[in-house]
Each structure stands twice: as structure tokens, then as C-alpha cells.
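Student: Here's a structure for you.
The values are calculated or read from the model by the stated rules, or taken from the named source; none is laboratory data. It should be emphasised that the depicted structure is a prediction, and the values quoted were computed from it without experimental measurement. Please note: Cβ atoms are built from the backbone with ideal geometry, for glycine as well, and neighbour counts cover all protein chains shown.
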Amino acid sequence: SAAEKGGHEYFMLKEIEEQPDALANTLRGHFESGRIVLDEQRIADQDLRDVDKVFVVACGSAYHSGLVAKYAIEHWCRLPVEVELASEFRYRDPVLDRDTLVVAVSQSGETADTLEAVRHARTQKARVLAVCNTNGAQIPRESDAVLYTHAGPEIGVASTKAFLAQIAANYLVGLALAQARGTKYPDEVAREFSELEAMPAAVHKVLSTVEQVRDLGRRMADSKAVLFLGRHVGFPVALEGALKLKELAYMHAEGFAAGELKHGPIALIEEGLPVVVVMPSPKGRAVLHAKLVSNISEIQARGARTIVIAEEGDDTVRPFADELVEVPAVPTLLQPLVSTVPLQVLAAEIARTRGYDVDKPRNLAKSVTVE
Ligand code: G6P
């Protein structure tokens, strides 16, 4: 009913709007007397100190949350982090031992490939920490430790609030590792929790762009294909934006690392092709920002219609943006929490305009319990 959907036509829009709460609830209770505390069933600090390699294994959007986390964990902890699709991890011969930390990220906690990856990691003596949104699900039950995301039940088949909560939880894991092992960047790590705590308000602010983005979505509904470009943490955001569009609008969509543009994707540019560009901060990442501005001018010159997600007050990019969606300025590593939101709304609105069921896209299941 409309009441269950909080007055929205579909659950997904309600769940998009619940993201500030999903983040706040996921962070709650994890910072005490200046220290990060994980859930009760956790890996001991001594074991975290011995970790020499991290794998994040997951599927779908959860996999993208892992790609985001790699940037943060490698930086804070100076530990190698590999992010793997659970279905690939399991059938390779990944190098694991008791000093490997495997983080298995799953909203449902029941995804068959992720569960098999957990089982394989444990037979190799790796320590497994589940990041999960569902209390008592199979993946946390078979893991050494669990960190619950508290996004609340997610009805829409395409993940939204669980995805943002996964990023926050993966960051808590990274901060706990940095705290246990020591870090090259103590000030930054010490600041990070309070920066995370400011994110529900920042995400709330992005929600004020929902109507602008829905309008844009209605105008894009006839597109044949859409490309997404990003760099650094904006790259996994581009992948997630493309995945959402495929899942919901059945539209050809690809995410690319903007630096790869000249190695292929630029050949796809033709008159009127929409290209969504996730911009880094002009202050926080000036060098990358300049490179992206140059990418946008190149694709615009070849006829692309540029849809730019940029930090508020980013005036340099304005002349190159056929459509501009502004998101609040936040620290670079936290940017995916704001820049993903317009991409979720865009995909949902394109799907709705095309007459599709936003909450139950064809051929997809909320949780994939067969390999
Ligand atoms: C399905 C869902 C996605 C989700 C993926 C992984 O494909 O439609 O939204 O990201 O499974 O699910 P999990 O429950 O393991 O996070």
C-alpha cells in the first residue's frame, strides 16, 4: 500500500530517503571513549594486528561497497586489499592463510556465492568477518565475526540503503584495523569517525536534489545507452550507477574509470549519448578534478550529453555540464555516500518512466541463493 511505501509509488524511493537513518543506525554504538568498537562477535585486536592481507568478497552492489573500501583501508592501514566477486574468488586458488582477513559483505547474508567463499576461506584458515544486514543469517553464522549494518529491511530488489550502510560498515572495519595496528595517518584516522557521523546530514541534504534528478530521468528515458565515468572512489560509484540502470531500466549502461576513456570508451561517444560523470572535489582532489574536466570537454566536443555530479560551488566544471547535480562537499573517501544517491534516483525514475516495476525488476531476485 501507499502507506507502507511512505507515500511513495515504490519502495525504492522510500528506501533511498531512509539512507540518512540507515547510516546513523549503522554507526551508532561503534565509537566509545575515542575508540572504534566492532560488534560483540569480533576478531580480537591481537589477530587484527597479525593481518597482512585483506580480501573483500561479495556480489552485486555489495561488491561495489568493497571496491570503495579498498581506497580507504589501503590508505589508513597500509595493508593490501583485494576485492573479489565471490563467484570468482571461490573457483580460483586464492592465496589465504591465518593472517588473511576476509570480509564477506552481504545484505541478505544468504547469497550462495558469498557463502561458498566464506566456507572456502575458513578451510584455508583465514579469519572471516561478515558485514551483513540480516540478523542471524547463514553468512554471519558461518563467519568468525560479524558487523551488522542497520539499514533495516530492504524491499526493493536493487540495493540502495543497504549499499550505503555497507560502505559505512566497511569503513568501521578499516578504522578498527588502523586502530589495532597503528597508522601512518593518526590524525586523519582519529577524525574519520566524526566525519562519518556527519554523513547522515550530508545525505539528507542530497535528498533535496531528488525532484531535479527525477525530472532529468524522465527526460532520459528514451536513451539507448548511458555511460558512467569516475575516478578514485568515484569509479566504483560509476559502476554502481551503471548497475542500477541495468537492473531497473533494462538499459545498456557501463561504468568506466575515466582514465581509461582513451583506451576504448571514447569510441562509443556519439551525438546525444548521455554520459554521467562523477566529479572529485576541486579542492580535495585538484589534480584528478582537472583531468576529469579535460575528459568531459573531450566527450562534449564529440557530441555527448554530459550529466555531471559535482561538489557544490564547483564552478570550473559548470561550462562542461549539460546537466549539473550538486552534492555537498565532504571528505573524498566519503564522497560515494553522497554521489551514489542521485544515480539511484536516476535509475529508478528512468525505469518508472519506461513503465517498469521499480521494486521488482524482471529476472532478478533480492537474494540469489543458488550459485
Ligand atoms: C542481488 C540483489 C543486489 C545485491 C546482490 C548481493 O543481485 O539484487 O541488490 O547487491 O544480490 O546480495 P547480498 O544480499 O549478498 O548483498
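Student: Out of the residues in the range 142-171 that are surrounded by fewer than 24 Cβ atoms within 10 Å (Cβ to Cβ) and more than 16 Å from the ligand (Cβ to nearest atom), state the one that is nearest to residue 249 (Cα to Cα).
Tutor: 145
Student: Are any of the residues in the range 173-180 among the β-branched types (Val, Ile, Thr), away from the ligand (no atom under 15 Å from the Cβ) and part of a helix (DSSP H, G or I)?
Tutor: Taking the range 173-180 first, the residues among the β-branched types (Val, Ile, Thr) are 173.
If we keep only those that are away from the ligand (no atom under 15 Å from the Cβ) as well, we get 173.
Checking which are part of a helix (DSSP H, G or I) leaves us with 173.
Yes, there is a match, as at least one residue in the range 173-180 is among the β-branched types (Val, Ile, Thr), away from the ligand (no atom under 15 Å from the Cβ) and part of a helix (DSSP H, G or I).
Student: When both residues are 6+ apart or on different chains and their Cβ atoms are under 7 Å apart, which pairs have a first residue that lies in the range 248-273 and is of a type in the set (D, E, K, R), and a second that is surrounded by fewer than 23 Cβ atoms within 10 Å (Cβ to Cβ) and part of a loop (DSSP other than H, G, I, E, B)?
Tutor: What qualifies is 270/303; 271/303.
Student: In addition: Where the second residue is within 13 Å of the ligand (Cβ to nearest atom) and hydroxyl-bearing (Ser, Thr, Tyr) and the first is in a loop (DSSP other than H, G, I, E, B) and lies in the range 342-371, which pairs have Cβ atoms under 8 Å and are six or more apart or on separate chains?
Tutor: 366/108; 367/108; 367/111; 368/111; 369/111; 371/87
Student: Would you check if there is a residue in the range 356-370 being away from the ligand (no atom under 16 Å from the Cβ) and hydrophobic (A, V, I, L, M, F, W, C)?
Tutor: From the range 356-370, those away from the ligand (no atom under 16 Å from the Cβ) are none; that's our starting set.
Taking every residue of the range 356-370 in turn, none turns out to be away from the ligand (no atom under 16 Å from the Cβ) and hydrophobic (A, V, I, L, M, F, W, C).
Student: From the list 74, 110, pick out the single residue that is farther than 20 Å from residue 164 by Cβ, within 14 Å of the ligand (Cβ to nearest atom) and either modelled with pLDDT of 95 or more or over 16 Å from the mean Cα position of the chain (by Cα) (or both). Spell out the reasoning first.
Tutor: Details: 74 fails: within 14 Å of the ligand (Cβ to nearest atom).
Just a single option satisfies the conditions, and that option is 110.
Student: Another question, then. When you scan the range 250-278, how many residues do you find that are out of contact with any helix residue (DSSP H, G or I) (no Cβ under 6 Å at 6 or more places or on another chain) and assigned to a loop (DSSP other than H, G, I, E, B)?
Tutor: 6
Student: Which residue, of 281, 297, is free of Cβ contacts under 8 Å to residues at least 60 places away in the same chain, farther than 30 Å from residue 359 by Cβ and touching a Phe, Trp or Tyr at 6+ places or on another chain (Cβ under 8 Å)? Even if it seems obvious, please write down each step before you answer.
Tutor: Values: 281 fails: touching a Phe, Trp or Tyr at 6+ places or on another chain (Cβ under 8 Å).
Unique residue meeting the criteria: 297.
Student: Could I ask something else about it? Kindly provide the set of residues from the range 316-341 that are free of Cβ contacts under 8 Å to residues at least 60 places away in the same chain and outside any helix (DSSP H, G or I), ordered by number. Working first, answer last.
Tutor: Start the filter on the range 316-341 by keeping residues that are free of Cβ contacts under 8 Å to residues at least 60 places away in the same chain, which leaves 316-322, 324, 329.
Of everything in the range 316-341, those that are free of Cβ contacts under 8 Å to residues at least 60 places away in the same chain and outside any helix (DSSP H, G or I) turn out to be 316, 317, 321, 322, 324, 329.
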